[in-house]
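Values quoted throughout were computed directly from the atomic coordinates according to the rules given, and no laboratory measurement underlies them. In this text, all values refer to a predicted model and were calculated from it rather than measured experimentally. Note that we place each Cβ from the backbone using ideal geometry, even for glycine, and neighbour counts take in every protein chain shown.
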Amino acid sequence: MINALKILKHQGKQFIRDVTNITLQPPFRGRPIISGEKVDENKLVSLCPTEAISANPVKIDLGKCTFCGECAFQFPNKISFTTDYKISANDRNNLIVIEGEDKPIELNYALIRKEISSFFHGSLKLRQVSAAGDNSAELELNAAGNVNYDMGRFGIEFVASPRHADGIVITGPISENMAEPLQICYDAVPDPKIIILCGVDAISGGIFADSPAVSRKFLEKYKIDLYVPGNPPHPLTFINGILELIRERR
Ligand code: SF4
């Protein structure tokens, strides 16, 4: 018993007490800031591997950004990455960071369906669908439930069967051969249900966006409740996005 207490004291508390308010350290890249510095915008736009950058004014679409950091390496006075991990959004347009703006990315509460907070604010069970994912976002989703991030304390958990789930979390760009299994899984989830796109591949296709092997028609049929950017997304980005989505509102 004494030995067990000694070990407990030595290890301390391993979970993050307040997942909504911690400071991450570089090299983590979160929300970018684009300064007003004059640069060769054509060169800046063309270096991005996923066409996430557009010009005049310079914008970065976090739904397309792989967070490779190349733009910040080559244009350090123009683009820098903060460690702000709260970058999930429920409005696709809110994922676009514009030159000269330095403001947090927030959910648009007017777009959140009423049944989401009334049904899910204390408990949200999710089925994860890796639709041609590369296992990176999947690993981070797994980490979201580990002893450090412990999203289970908020009632957020992954379940094995879509019939036990309140929604699906899609990772990967959705390949043609995963389109039907994804549809079958979604259909098996009882109403009301939510859809979360996790990672750049799921949100925009990422570097696979133009591949003929990708089939994203599923996404045209349904409202997306949450976009979680990153490549892969940080567990805190995922957890904070969901907490905001399901927060009880009166
Ligand atoms: S960090 Fe994002 S915006 Fe910058 S070059 Fe990489 S993918 Fe493009």
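Okay, here's what the table says:
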read-out: Using θ = phi - 60° and Karplus 6.51 cos²θ - 1.76 cosθ + 1.60, couplings along the stretch 183-189 (whole Hz; Gly, Pro as x); value: 5, 4, 5, 4, 4, 7, 7
read-out: Sparsely packed chymotrypsin sites (Phe, Trp or Tyr not before Pro) within the stretch 212-250, loop by DSSP, other Cβ within 10 Å at most 12; value: Y222
read-out: Cβ-based exposure ranking for C65, C71, C198, C185, in which fewest neighbours within 10 Å come first; value: C185, C71, C65, C198
read-out: Cβ-based exposure ranking for T23, T171, T50, T82, in which fewest neighbours within 10 Å come first; value: T23, T82, T50, T171
read-out: Greater than 28 Å apart at Cα, pairs in K38/K103; K59/K125; K86/K193; K59/K114; value: K59/K125; K59/K114
read-out: The chain - mean residue ellipticity at 222 nm from DSSP helices (-39,500 (n - 2.57) per run, n ≥ 4, rounded to 500); value: -8000 deg cm²/dmol
read-out: Projected label distance in nm at N142 and R113, using a 7 Å step from Cα toward the beta-carbon; value: 3.1
read-out: Residue among F120, F158, F75 with the largest mean-square fluctuation in a Gaussian network model of the chain, springs linking Cα atoms under 10 Å; value: F75
read-out: ³J(HN,Hα), Karplus 6.51/-1.76/1.60, whole Hz, each residue of the stretch 77-84, x for Gly, Pro; value: 7, 9, 10, 9, 10, 7, 9, 5
read-out: The stretch 1-44 and the stretch 178-239: distance between their alpha carbon centers, rounded to Å; value: 25
read-out: Separation in nanometres of the label points that stand 7 Å from Cα toward Cβ, at I16 and T82; value: 1.6
read-out: Student exercise, the stretch 94-171 dipole from Lys, Arg, Asp, Glu Cβ charges, in Debye to nearest 20; value: 500
read-out: Volume per residue that the Cα convex hull of the stretch 59-169 spans, once the total is divided by residue count, Å³; value: 142
read-out: Amide hydrogen neighbours beyond the local backbone of F158, cut-off 5 Å, H modeled; value: L126
